[in-house]
Amino acid sequence: MERKSKIKLLLTVTVITFAVAGIVAFFIWNKIKADTQKYNPVVEQNDIKTTPSNQIVDGPDTRNKVPVPILMYHHIRNYNDPNDKVGTNLSVPPENFKAQIDYLKNNGFTTITFREFLDFPTRKLPDKPIILTFDDGYQDTYDVAFHNLKSNEQIGVFYIISGFLGRPEFMTAPEVKEISDAGMEIGSHTIDHPDLTKLSAEKLSTELIESKSKLESIIGRTIISFCYPAGQQNAAVDAAVANTGYKTATTTNMAISSTSEEKFALSRLRINPEDSLSYFADKIVNYKSQK
Ligand SMILES: [Zn+2]
């Protein structure tokens, strides 16, 4: 072979080699890019702060203990049926509820959720923190309580019975999602509201796990709060709740809670339909447990 032809061949081989290497590199690069884009994990939204931004206070809280009244509501509706004493007692009239929210707003209280509550003492709690809880997921708490809180830039915690969603008188799944998206907290109140102290260990864990995962799939966030149906609890139930991954649980024991109270046996203050505004105002600060 002539010298010229040899050089020509060498050049051709070199050009082809670089071209092939370039094409291979291009495909490898694209594959890596595609794989990276495929791994797009669902963002954990636990760290999103639900407290209105103007009330966020940074830095650790140096107080030993902060009182945090946790108010317990069920229905927010006008209802008075002498044949249904239980239902009547669980129904706070909307006018009373609205007056209570106005009172809190005008008297320096800051509504928080259990996320902020658990941040103590790493992050400062506002001066007069208060938690509003709504049990059972009744339609009227969506219609009245949620909309009232939202328009007043306040927040609350809604405990949902996952198996009752969409039944007459109960919220629907999209409504629960809307409440969560508005910055309120959704907690679990089991699948079908049984007395947890009377269940087998297996049935108990089903109630705790499946209600949690169903609600999480609806709202796309982690559920950390639980509420014992009818306040029924014992050591075994408390332990099962903690083992399921909940971080707080509320009872029906009447007392003003605080940051130092046991997180799986948090006391609450029941708000009754007949509570006058002045009684309400006194109760949330001075209530003495009759225990
Ligand atoms: Zn309940």
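Here, each number is a calculation from the coordinates, and none is a lab measurement. Please read all numbers here as calculations on a predicted model, not as lab measurements. Glycine also receives a Cβ, built like all others from the backbone with ideal geometry; neighbour counts cover every protein chain displayed.
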Output for region 184-194, where each listed residue is within 16 Å of the ligand (Cβ to nearest atom), surrounded by 14 or more Cβ atoms within 10 Å (Cβ to Cβ) and part of a loop (DSSP other than H, G, I, E, B): His189, Thr190, Ile191, His193, Pro194
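If I ask for residues that are in contact (Cβ under 8 Å) with a residue 60 or more places away in the chain and surrounded by 15 or more Cβ atoms within 10 Å (Cβ to Cβ), which ones from region 254-269 would you list?
Residues satisfying the conditions are Ile256, Ser257, Ser258, Thr259, Lys263, Leu266, Ser267, Arg268, Leu269.
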Scan of region 224-252 for residues that are within 16 Å of the chain's Cα centre (by Cα) and either away from the ligand (no atom under 11 Å from the Cβ) or hydrophobic (A, V, I, L, M, F, W, C) (or both), ordered by number: Ile224, Ser225, Phe226, Cys227, Val241, Ala242, Thr244, Gly245, Tyr246, Lys247, Thr248, Ala249
Those residues of region 209-231 which are assigned to a loop (DSSP other than H, G, I, E, B), in contact (Cβ under 8 Å) with a residue 60 or more places away in the chain and of a type outside the set (Gly, Ala, Ser), in sequence order: Arg221, Thr222, Ile224
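Go through region 232-242 and count every residue that is surrounded by 14 or more Cβ atoms within 10 Å (Cβ to Cβ) and in contact with a Ser or Thr (Cβ under 8 Å, 6 or more places away or on another chain). Walk me through it before giving the result.
Filtering region 232-242 down to residues surrounded by 14 or more Cβ atoms within 10 Å (Cβ to Cβ) leaves 232-233, 237-238, 240-242.
Now narrow it down to the ones that are in contact with a Ser or Thr (Cβ under 8 Å, 6 or more places away or on another chain): 232-233, 237, 240.
Matching residues across region 232-242 total 4.
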Only listed residue being over 14 Å from the mean Cα position of the chain (by Cα) and not basic (Lys, Arg), chosen from Glu178, Glu216, Glu185, Glu207: Glu207
Failed condition for Glu261, given (1) more than 16 Å from the ligand (Cβ to nearest atom); (2) closer than 23 Å to Met171 by Cβ: (2)
Condition check for Ser225: among the hydroxyl-bearing types (Ser, Thr, Tyr), over 15 Å from Ile112 (Cα atoms), buried (at least 23 other Cβ atoms within 10 Å of the Cβ) and in contact with a strand residue (DSSP E or B) (Cβ under 6 Å, 6 or more places away or on another chain): no
Residue match in region 116-138 (condition: of a type in the set (S, T, N, Q) and within 16 Å of the ligand (Cβ to nearest atom)): yes
